[in-house]
Amino acid sequence: MTLSAFTEARRFEAVVAVLDRYGRDPSRLIPILQAVQDEYRYLPEEIMTYVATALDISPAKVYGVATFYGHFSLEPKGKHVLKICDGTACHVKGSGELVEALRAELRLEGKAKTTPDLLFTLETVSCLGACGLAPVLVVGDDVHGLVTKDEALRIVRDIKREEASDGGKR
């Protein structure tokens, strides 16, 4: 077995484990896709096709579910997902400035949302439901309210330092 074939086989082991955990039940498609996305940080096309085959449903159905729900991503996401609220309150309080500063810090060009090293993904969201804390930045599960441009940059730089010091093992 070649190294690439071995890597591909290992890649599907996680999917098999997820499918087994949910009893290969087609009615559990959403939690299956959530678990797969947790494993890969997105839903690769070949993995969705494999899931469809394993559940005996059409790939179109799997793709339809994956594209209907905003939670799912068909593109790789970074290890650290940064979400900036751009709802009315956050927008008025300067969320656009946060987006610009973070895009520059992460060197994201054009429409890119994810850094080439897959360390960061920067997203804007319509509302995080924390208007009293505007502007709001969410990093993973951590909510940062009343965020200034300098604070947002400090948060990202701290993550970069932590990643560099532990070799990304977190």
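The values are calculated or read from the model by the stated rules, or taken from the named source; none is laboratory data. Quick caveat: nothing in here was measured; it's all calculated off a predicted structure. Counting neighbours? That spans all protein chains shown, and the Cβs are built from the backbone with ideal geometry, glycine included. Remember, those area values only see protein heavy atoms, side chains included, never the ligands or the DNA or RNA. Shrake-Rupley method; radii C 1.70, N 1.55, O 1.52, S 1.80 Å.
Residues of the range 9-48 that are outside any helix (DSSP H, G or I) and either in contact with a strand residue (DSSP E or B) (Cβ under 6 Å, 6 or more places away or on another chain) or surrounded by 12 or more Cβ atoms within 10 Å (Cβ to Cβ) (or both): TYR22, ARG24, ARG41, TYR42, LEU43, PRO44.
Of a type in the set (D, E, K, R) and touching a helix residue (DSSP H, G or I) at 6+ places or on another chain (Cβ under 9 Å): is that true of ASP117 in this structure? Spelling it out, it is not the case that ASP117 is of a type in the set (D, E, K, R) and touching a helix residue (DSSP H, G or I) at 6+ places or on another chain (Cβ under 9 Å).
A quick yes/no check of all residues on (1) of a type in the set (Asp, Glu); (2) at pLDDT 95 or above; (3) part of a loop (DSSP other than H, G, I, E, B); (4) open to solvent by less than 70 Å² (accessible area, probe 1.4 Å):
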| position | (1), (2), (3), (4) |
| --- | --- |
| GLU97 | yes, yes, no, no |
| ALA101 | no, yes, no, yes |
| LEU108 | no, yes, yes, yes |
| LYS111 | no, no, yes, no |
| VAL147 | no, yes, yes, yes |
| ASP150 | yes, yes, no, no |
| VAL156 | no, yes, no, yes |
| SER165 | no, no, no, no |
| GLY168 | no, no, yes, yes |
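Of THR88, THR115, THR49, all but one fail to be polar (S, T, N, Q) and farther than 30 Å from LEU153 by Cα; the exception is THR49. Could you check the range 62-87 and list, in sequence order, the residues that are over 11 Å from the mean Cα position of the chain (by Cα), surrounded by 13 or more Cβ atoms within 10 Å (Cβ to Cβ) and either modelled with pLDDT under 95 or outside any helix (DSSP H, G or I) (or both)? Of everything in the range 62-87, those that are over 11 Å from the mean Cα position of the chain (by Cα), surrounded by 13 or more Cβ atoms within 10 Å (Cβ to Cβ) and either modelled with pLDDT under 95 or outside any helix (DSSP H, G or I) (or both) turn out to be ILE84, CYS85, ASP86, GLY87.
Whether a residue is more than 24 Å from ALA14 (Cβ to Cβ), of a type in the set (Val, Ile, Thr) and open to solvent by less than 40 Å² (accessible area, probe 1.4 Å) was assessed, and VAL51 does not pass this test.
Among the residues of the range 113-145, those identified as open to solvent by 20 Å² or more (accessible area, probe 1.4 Å) and either within 12 Å of GLY87 (Cβ to Cβ) or over 17 Å from the mean Cα position of the chain (by Cα) (or both) are THR124, VAL125, SER126, CYS127, LEU128, GLY129, ALA130, CYS131, GLY132, LEU133, HIS144, GLY145.
Yes/no matrix, rows are residues, columns are (1) without any contact (Cβ under 8 Å) to a residue 60 or more places away in the chain; (2) among the polar types (S, T, N, Q); (3) over 25 Å from LYS113 (Cβ atoms):
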site: VAL16; (1), (2), (3): yes, no, yes
site: PRO26; (1), (2), (3): yes, no, yes
site: LEU29; (1), (2), (3): yes, no, yes
site: GLU39; (1), (2), (3): yes, no, no
site: PRO44; (1), (2), (3): yes, no, no
site: THR53; (1), (2), (3): yes, yes, yes
site: ASP56; (1), (2), (3): yes, no, yes
site: GLY64; (1), (2), (3): yes, no, no
